[in-house]
Amino acid sequence: MKPFRILYRNIRDALKSIFRNFSLSIASISCITITLIIVAISMILSFNVENVTNLIRKDFTIIAFLDNKLTEEEIKQVEEKITKLDNIDEYKYENKIEIAESMQDSSDVFKTIMENWDEEDNPLQDTFLIKVVDAENINITANELKKIEGITVVRYGEGIVENLLSVFGIVEKSLIVIVLALIVVTAFLISNTIKLTIFSRKREIEIMRLVGASNLNIKLPFIIEGLFLGVLGSLIPIILVIYGYRALFKYFEGQVFTPFLQLVQPLPFVYIVSSLLALIGVFVGMWGSARAVKKYLKI
Amino acid sequence: MELIRVKNVLKQYKTGITAVYDLSLKVKKGEFIFIIGSSGSGKSTLIKMLYREERPNEGEIIIGGIDVAKLKNHKVYKLRRKLGIVFQDYKLLHKLTVYENVAFAIEILGLNQKEIREKTLKALELVGPKGKAKSYPDQLSGGEQQRVAIARAIVNEPKLLLCDEPTGNLDSKTSWEIMKVLENINNLGTTIIMATHDKEVVNKMKKRVIQIEAGKIEKIHEEGTYQNEAV
Ligand SMILES: Nc1ncnc2c1ncn2[C@@H]1O[C@H](COP(=O)(O)OP(=O)(O)O)[C@@H](O)[C@H]1O
Ligand SMILES: [Mg+2]
């Protein structure tokens, strides 16, 4: 029972202290709130970039055009060689008749033009559609495909994929750096703000020590206070994330301008982001307080 | 029974000032002793070493069998929980009521609300100020504030009460009332060491007096009176 009583008392004192030092508490809370909003935006961006990157990785296809003179036997051999390459996720064979049909299905213009082609007229080529495991090494795979006898041309949007992915990679990494830097800066800001409240409570700490408070006795209320500041500071960002992201998702109908840029589904995404925000807030508050009070302890 | 033994203690502050020099002293359980001396003679430094706010550079300070001089910083609280300390400036918390100020000293012990209440009321009953439990320190006179501070110092039922000029801010009538409170506490078995330069008080109390000058014991007077040649 004893530890619970002490904890209860500390929680009570922490709450009292937040109200007593109201303006400084508000300063700390706003500090956490602003940071967490920026962190939330960065996180949402970063998760979405990650999401799009994965979709691109999954979707990106190499088209290998085959020499039209190949016999069925030779096409089998090409297929066998493709299966032997690394980095192949899946592949699909489409012959030129199927391609012509699907093109006709997709547009009336194609339909009128192509309806009258017979097999000899069809200028299209048989193809393999190949998906790779690692999109970043797509050019290596493309080069290997080119070397296979019977494949005439390889297309994969040379350069675009790699560039896109590397840009996304840079964006993601910068966001992570920004988030981490923000967290550290806020932790120090909180620490300094709480130092001000502690400075005004120097006397209280001095008297606590005189009457026999241990370092933990002295530290605990401040750390709990930091925890509350963190929780209070993360309320607004969490509400913004939960309602804001859902509204955004609805507004864009799940994708930004093109189906290529899919947004992450709001659920459970917003709750994951919210939990992370609460965790960061609490951590920053507690760490800040612990650091602030350290100076007043005799260790 | 011996409660305190101070042996060959030397205290030099970082500034280079030697405040206490080769001081030795024994205090028996239940004693009431005065430490007197002119301002700057080292009284407060000696008291501070007894509650391990300062650490001597040399010598030992044994209190209840423990060498306080060797006590590590993070363990000092264990000593403080067994002592009471009273200061000239009361050191009360102005945002807390009288009751809360006294309870403050035992809340950290993890007692339950009922025990805290009983002990706090008992201390206030013994020391006063009567009927002011809900007042704030700023609403009290100096003497009343000092009573609150004394109540806080004894609420943990210490064996030893250290007082550094407890009457320093009080008029002689109020000082005498405070001395009666301290004498009462002493009669209940608590050892008291009181630093002061209040002659009137010392002369009237007729207790053992240790006179220090320039950090050294000048004279010990059993049932003594203030020797005021130097003061
Ligand atoms: N914290 C300190 N740092 C440096 N010198 C101090 C400190 N405290 C006291 N002194 C010096 O030590 C000497 C003794 O001081 P003190 O013990 O306070 O004497 P008293 O209480 O008898 O007036 C004085 O010269 C004082 O200036
Ligand atoms: Mg002094």
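The values are calculated or read from the model by the stated rules, or taken from the named source; none is laboratory data. The model shown is predicted, which means the values in this text are computed figures rather than measured ones. Cβ atoms come from the backbone with ideal geometry, glycine included; neighbour counts cover every protein chain shown. To get the accessible areas, we keep the full protein, side chains included, count just its heavy atoms, and leave off ligands, DNA and RNA. Shrake-Rupley method; radii C 1.70, N 1.55, O 1.52, S 1.80 Å.
Across the residues of B:104-115, average count of Cβ atoms on other protein chains within 10 Å?
Numbers: counts 5, 6, 2, 9, 12, 7, 9, 3, 3, 3, 0, 0.
For this peptide, the per-residue mean of nearby foreign Cβ atoms is 5.
At what distance in nm do the modelled label points of B:GLN139 and B:GLU115 sit from each other, each positioned 7 Å from its Cα along Cα→Cβ?
3.0
Pick from B:LEU92, B:LEU111, B:LEU46: which residue has the top mean-square fluctuation in a GNM of chain B where Cα pairs under 10 Å get a spring?
Comparing B:LEU92, B:LEU111, B:LEU46 in the GNM, the peak value goes to B:LEU111.
In terms of Cα to Cα distance under 16 Å, which lysines are near enough to A:LYS219, apart from those fewer than 8 places away along the same chain?
Cross-link targets: A:LYS16, A:LYS195, A:LYS202, A:LYS294, A:LYS295, A:LYS298, B:LYS75.
Using a Förster distance of 45 Å, how high is the FRET efficiency between A:ILE242 and A:LYS298, based on the Cβ-Cβ distance and rounded to 0.05? Walk me through the intermediate numbers first.
Details: r = 45 Å, r/R0 = 1.00.
Working from the Cβ atoms, E equals 0.50.
Of B:ARG152, A:ARG246, B:ARG117, which has the most accessible area and how do the rest follow, probe 1.4 Å? Provide the component values of the computation, followed by the final result.
On the way: B:ARG152 15, A:ARG246 85, B:ARG117 130 Å².
The most accessible residue leads, giving B:ARG117, A:ARG246, B:ARG152.
Could you report the accessible area of B:ASP22 in Å², rounded to 10, computed with a 1.4 Å probe on the protein chains as they sit in the structure?
We get 90 Å² for B:ASP22.
If the viscosity is 0.890 mPa s and the temperature 25 °C, what Stokes-Einstein diffusion coefficient in µm²/s follows for the range A:61-155 when Rh is the Kirkwood radius over Cα pairs?
Numbers: Rh = 14.2 Å.
It diffuses with D of about 173 µm²/s by this estimate.
Roughly what would the spin-label model give for A:ILE178 and A:ILE99, points 7 Å off Cα along C-beta, in nm?
In this crude spin-label approximation the distance works out to 4.3 nm.
Computed on alpha carbon atoms, what radius of gyration and Dmax characterise the range B:91-157, expressed in Å?
In Å, with Rg to one decimal and Dmax whole: 10.6, 31.
May I ask you to derive the FRET efficiency for A:LEU279 and A:GLU50 from their Cβ-Cβ distance with R0 = 25 Å, giving the value to the nearest 0.05?
Details: r = 19 Å, r/R0 = 0.77.
In this case the efficiency is close to 0.85.
Arrange the peptides A:277-286, A:248-257 so that the one whose residues have, on average, the most other Cβ atoms within 10 Å appears first.
Values: A:277-286: 22.7, A:248-257: 11.8.
So the order, starting with the most tightly packed, is A:277-286, A:248-257.
Assuming a ≥ b ≥ c are the square roots of the Cα gyration tensor eigenvalues, decide whether the range B:38-176 counts as rounded (a/c under 1.5), prolate (otherwise, with a/b larger than b/c) or oblate.
Values: a/c = 2.42, a/b = 1.32, b/c = 1.83.
Note, shape of the range B:38-176 comes out oblate.
Under a point spin-label approximation (7 Å from Cα along Cα-to-Cβ), what is the A:ASN143-A:LYS76 distance to one decimal in nm?
Calculated label separation equals 3.2 nm.
Quote the Stokes-Einstein diffusion coefficient, in whole µm² s⁻¹, for chain A, based on the Kirkwood radius over alpha carbon pairs, a temperature of 10 °C and a viscosity of 1.306 mPa s. Numbers along the way, then the final one.
Working: Rh = 24.2 Å.
After rounding, the answer is 66 µm²/s.
May I ask for the Rg/Rh ratio of the protein assembly as shown, computed from Cα atoms with Rh as the Kirkwood radius, given to two decimals?
Expressed as Rg/Rh, it is 1.34.
Can you tell which of B:PRO129, B:ALA149, B:LEU109 lies farthest toward the positive end of the dipole of the range B:91-157, using +1 and -1 charges on the Cβ of basic and acidic side chains (Lys, Arg; Asp, Glu)?
So the residue furthest toward the plus end is B:PRO129.
Provide the per residue accessible area, probe 1.4 Å, for the protein assembly as shown, rounded to a whole number of square angstrom. The partial results should precede the final answer.
Values: 27280 Å² over 530 residues.
Normalised by residue count, the accessible surface of the protein assembly as shown is 51 Å².
Quick one: which residues, 5 or more positions from B:ILE85 or on another chain, have an amide H under 5 Å from its amide H? H modelled 1.01 Å from N in the peptide plane, none for Pro or chain starts.
B:LEU162
Need the list of lysines near A:LYS81 for cross-linking: C-alpha distance under 28 angstrom, and skip anything on the same chain fewer than eight residues off.
Filter leaves A:LYS58, A:LYS69, A:LYS92, A:LYS96, A:LYS131, A:LYS146, A:LYS147.
Would you mind checking which residues have amide H under 5 Å from A:ASP89's amide H? H placed 1.01 Å from N; only 5 or more apart, or other chain.
A:LYS131, A:VAL132, A:VAL133
With axes computed from alpha carbons, what is the tilt in degrees of helix B:113-127 against the longest principal axis of chain B, rounded to the nearest 10 within 0 to 90?
Taking Cα atoms only, the helix is inclined about 60 degrees.
In the protein assembly as shown, if the dipole is taken from +1 on Lys/Arg beta carbons and -1 on Asp/Glu beta carbons about the Cα centre, which of A:SER30, A:LEU279, B:THR174 is farthest to the positive end?
B:THR174
At a threshold of 8 angstrom on Cα-Cα distance, excluding pairs fewer than six apart, so keeping six or more, what relative contact order does chain B reach in percent?
On the way: 445 pairs, mean separation 63.4, N = 231.
Value for chain B: 27 percent.
In debye, nearest 20, what is the charge dipole magnitude of the range B:1-99 about its Cα centre with +1 on Lys and Arg Cβ and -1 on Asp and Glu Cβ, if you could check? Working shown, then result.
Values: 20 positive and 9 negative charges, 96 e Å.
Dipole of the range B:1-99, to the nearest 20 debye: 460 debye.
On the protein heavy atoms, probe 1.4 angstrom, tell me the percent of accessible surface of the protein assembly as shown carried by carbon and sulfur.
Details: 15800 of 27280 Å².
Taking all protein chains in place, the protein assembly as shown shows 58 percent carbon and sulfur surface.
Trypsin sites (Lys or Arg not before Pro) within the range A:2-75: which are DSSP loop residues with at most 11 other Cβ atoms inside 10 Å? Working shown, then result.
Numbers: sites: A:ARG5, A:ARG9, A:ARG12, A:LYS16, A:ARG20, A:ARG57, A:LYS58, A:LYS69; in loops: A:LYS69.
In loop regions of the range A:2-75 (DSSP not H, G, I, E or B), the sparsely surrounded trypsin sites (Lys or Arg not before Pro) are A:LYS69.
Hey, what angle do you get for helix A:215-239 against the long axis of chain A, alpha-carbon based, 0 to 90 degrees rounded to 10?
40
When the helices in chain A are scored as -39500 (n - 2.57) per DSSP H run of 4 or longer and the sum is shared across all residues, what 222 nm value do you end up with, to the nearest 500 deg cm²/dmol? Display every interim value, and only then the final one.
Details: 11 runs with 209 residues, N = 299.
Mean residue ellipticity at 222 nm (helix-derived): -24000 deg cm²/dmol.
Near the amide H of B:LEU96, under 5 Å away, which other amide H atoms are found, from residues 5 or more places off or on another chain, if H is placed in the peptide plane?
Under 5 Å from the amide H of B:LEU96 lies no amide H from a residue far enough along the sequence or on another chain.
What Rg and what Dmax come out for the range A:141-299 when only alpha-carbon atoms are used, in angstroms?
Calculated on Cα positions, Rg and Dmax stand at 25.4, 90 Å.
For the pairs B:LYS7/B:LYS29; B:LYS82/B:LYS173; B:LYS43/B:LYS206; B:LYS48/B:LYS216; B:LYS7/B:LYS48, flag any whose C-alpha to C-alpha distance is greater than 21 Å. Write out the running numbers ahead of the final one.
On the way: B:LYS7/B:LYS29 17 Å; B:LYS82/B:LYS173 31 Å; B:LYS43/B:LYS206 19 Å; B:LYS48/B:LYS216 16 Å; B:LYS7/B:LYS48 15 Å.
Distance filter (> 21 Å) returns B:LYS82/B:LYS173.
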